[in-house]
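Taking it in order: structure first as structure tokens, then the write-up.
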Amino acid sequence: MVKKGRIFTFFLIVIILGGLISTTIMGIAKEIKLGLDLQGGFEILYQVKPVDEGGVIDDDVLNATVSALNQRVNVLGVSEPYITIEGEDRVRVQLAGVEDQQTARDLLATEAQLTFRDVDDVVKLDGADLQEGGARVTFNEANQPEVAVTLKDANQFGEVTREIRDRAPQGENLLVIWLDYEEGDSFYEEVGKENPKFLSAPTVREVLNTRNVVIQGNFTIDEATFLAEVLNAGALPVQLEELYSNSVGASLGEQAMKNTIFAGFIGVALIFLYMLIFYRFMGTIAVITLSVYIFLVLVIFNWMNAVLTLPGIAALILGVGMAVDANIITYERIKEEIRSGKSIMSAFKAGSRRSLSTILDANITTILAASVLFYYGTSSVQGFAIMLIVSILTSFLTAVYGSRLLLGLWVNSRIFNKKPRMFGVKESEISEL
């Protein structure tokens, strides 16, 4: 007797899943964050070095560097920067969708150590004395751009200007403003140059008990804006030496994404076709569960707030192959049981049970390999490893349990009793008991 309720349940599940996927897949795909190899951008690998001789680069310093770089990236308006620590003294920065790469590079690498010094290069004030976020672009009476900064303590600035004003002989009462002063720099060596390293050197004629200081330096609007932004972002606690950089144009990244997605569609379509031809009705179940599998992987990846890269797409397609492999192992077991002369229901139960350990062993070894790649690999390799691990874990829900659930509804309905051809087995292949 055919149990129609199970068949109805099967179609109800398929309709619900189909409706859910068709109505949400495009929105989920658009929300997934793309790496620089898919939307263009650039990445830089920096070696972190101490500012002062004898300084130590430890975990605290590296974390402070990442924090400072994140603040600077916020100035660029990059929505999803990827800044990670690699090894003991390296930091990798990936910025997707950045058009003005040179400005971004300058903003990242500039130490932004602002200092106020006398003509003998003695520090009177530094960046620690500035109000956080207090730098801004202003314009003087001649409509020339300047950078206004806010100090924390007006009295402190008053004492500094008093000291500079009272210097003798006259002519040395200059307050020299430096950005990224380096050991060996000298005001007297720079003052005669057409483009000195210091920003400006105003004469102090009176005591200034104020928190507001204006830096004049014959800036262009872009230069003044850059200076204000880098000061607001904060000084780096280290020096950064660029070891490696890679740039991907937006059009190149877009073309790479189109080609990869097209290749992925072709690969998945061939897999679906193969399953339908060789496994008949079980192949139809596999197509359904694989479609759900791809949908769930994208949902989980988006929920993880992960960044999708070209290696990530490759891992997704590889995961489809892994999920298909789980289906094939199960279906071949079921076919073997049918050929041995067992009933369809008995073959389904025995084949599902005996295939599970094989699938489990294969997937565990792959997860171990992916875990090693994630632990020791760089950013793109880690993206591949994450997507592969997510794919394998998701395949347990779909290719193993989901396939068993859907196929079990039909088998338990008894509609396929004595119909081995629906499972790709000919009557002549069945052993006589």
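The values are calculated or read from the model by the stated rules, or taken from the named source; none is laboratory data. Please read these numbers as outputs of a predicted model, since none were measured by experiment. Positions of Cβ are generated from backbone atoms using ideal geometry, with glycine treated the same way; all protein chains shown enter the neighbour counts. Side chains included, ligands, DNA and RNA excluded: accessible areas come from the protein's heavy atoms. Shrake-Rupley method; radii C 1.70, N 1.55, O 1.52, S 1.80 Å.
Hey, among I277, I294, which residue is free of Cβ contacts under 8 Å to residues at least 40 places away in the same chain, under 20 Å from I28 (Cβ atoms) and among the aliphatic types (A, V, I, L, M)?
Result: I294 is the single residue among I277, I294 that is free of Cβ contacts under 8 Å to residues at least 40 places away in the same chain, under 20 Å from I28 (Cβ atoms) and among the aliphatic types (A, V, I, L, M).
Out of all the residues in the range 258-304, which are β-branched (V, I, T), open to solvent by less than 80 Å² (accessible area, probe 1.4 Å) and under 28 Å from I334 (Cα atoms)?
V268, I271, T284, I285, V287, I288, T289, V292, I294, V297
Being open to solvent by 20 Å² or more (accessible area, probe 1.4 Å) and among the aromatic types (F, W, Y) narrows it down to one of F198, F187, so name that one.
F198
Could you please find all residues in the range 181-239 being charged (D, E, K, R) and touching a helix residue (DSSP H, G or I) at 6+ places or on another chain (Cβ under 8 Å)?
K197, R205, E206, R211, E229
In the range 32-49, which residues are modelled with pLDDT of 80 or more and farther than 12 Å from L95 by Cβ?
L45, Y46, Q47, V48, K49 - these are the residues of the range 32-49 that are modelled with pLDDT of 80 or more and farther than 12 Å from L95 by Cβ.
From the list E146, E182, E141, which residue is open to solvent by 10 Å² or more (accessible area, probe 1.4 Å) and farther than 30 Å from Q239 by Cα?
Exactly one residue qualifies, and that residue is E141.
Just checking: which of the strands (runs of 3 or more DSSP E) contained wholly in the range 133-249 hold 3 or more residues that are modelled with pLDDT under 80? Lay out the reasoning, then the answer.
On the way: elements: 136-139, 145-150, 176-179, 212-215, 238-248.
Answer list for the range 133-249: 238-248.
Give me the pairs: first residue in the range 340-353 and more than 23 Å from T398 (Cβ to Cβ), second residue at pLDDT 85 or above and not acidic (D, E), beta-carbon distance under 7 Å, and six or more apart or on different chains, which are they?
From residues that are more than 23 Å from T398 (Cβ to Cβ), the pairs are K342/A350.
So, in the range 274-306, how many residues would count as being within 17 Å of L318 (Cα to Cα) and over 34 Å from the mean Cα position of the chain (by Cα)?
Here the count works out to 2.
Could you please find all residues in the range 419-433 being in a helix (DSSP H, G or I), surrounded by fewer than 21 Cβ atoms within 10 Å (Cβ to Cβ) and not aliphatic (A, V, I, L, M)?
Hits for the range 419-433 are P420, R421, E427, S428, E429.
Quick check on I328: is it modelled with pLDDT of 85 or more and either loosely packed, with under 15 Cβ neighbours inside 10 Å or among the β-branched types (V, I, T) (or both)?
Yes: the conditions hold for I328.
Write out, first by first residue and then by second, each pair whose Cβ atoms fall under 9 Å of each other, whose residues are 6+ apart or on separate chains, and whose first residue, in the range 2-25, is within 17 Å of L298 (Cβ to Cβ) and open to solvent by less than 90 Å² (accessible area, probe 1.4 Å) while the second is among the small types (G, A, S) and assigned to a helix (DSSP H, G or I).
Correct list of pairs: L17/S291; G18/S291; I21/S291.
Based on this model, can you work out whether E159 counts as open to solvent by 90 Å² or more (accessible area, probe 1.4 Å), without any contact (Cβ under 8 Å) to a residue 60 or more places away in the chain, within 30 Å of I221 (Cβ to Cβ) and among the charged types (D, E, K, R)?
no
Scan the range 117-132 for residues that are part of a strand (DSSP E or B) and under 16 Å from L227 (Cα atoms) and jot them down.
D126, L130
Quick check: is even one residue across the range 82-105 buried (at least 19 other Cβ atoms within 10 Å of the Cβ), within 29 Å of A201 (Cβ to Cβ) and modelled with pLDDT of 70 or more?
Among the residues of the range 82-105, not one is buried (at least 19 other Cβ atoms within 10 Å of the Cβ), within 29 Å of A201 (Cβ to Cβ) and modelled with pLDDT of 70 or more, which makes the answer no.
Rundown of residues vs (1) without any contact (Cβ under 8 Å) to a residue 60 or more places away in the chain; (2) open to solvent by 10 Å² or more (accessible area, probe 1.4 Å), yes/no style:
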position: D361; (1), (2): yes, yes
position: Y375; (1), (2): yes, yes
position: M387; (1), (2): no, no
position: S395; (1), (2): no, no
position: R404; (1), (2): no, yes
position: V411; (1), (2): no, no
position: N417; (1), (2): no, yes
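Condition (residue is touching a strand residue (DSSP E or B) at 6+ places or on another chain (Cβ under 8 Å) and either open to solvent by 60 Å² or more (accessible area, probe 1.4 Å) or in a helix (DSSP H, G or I) (or both)) applied to the range 334-354: is it met by at least one residue?
No, there is no match, as no residue in the range 334-354 is touching a strand residue (DSSP E or B) at 6+ places or on another chain (Cβ under 8 Å) and either open to solvent by 60 Å² or more (accessible area, probe 1.4 Å) or in a helix (DSSP H, G or I) (or both).
Note down all Cβ pairs under 6 Å where the first residue falls in the range 307-320 and is assigned to a helix (DSSP H, G or I), the second is of a type in the set (G, A, S) and open to solvent by 20 Å² or more (accessible area, probe 1.4 Å), and they're at least six residues apart or on different chains.
P311/S380; I317/G267
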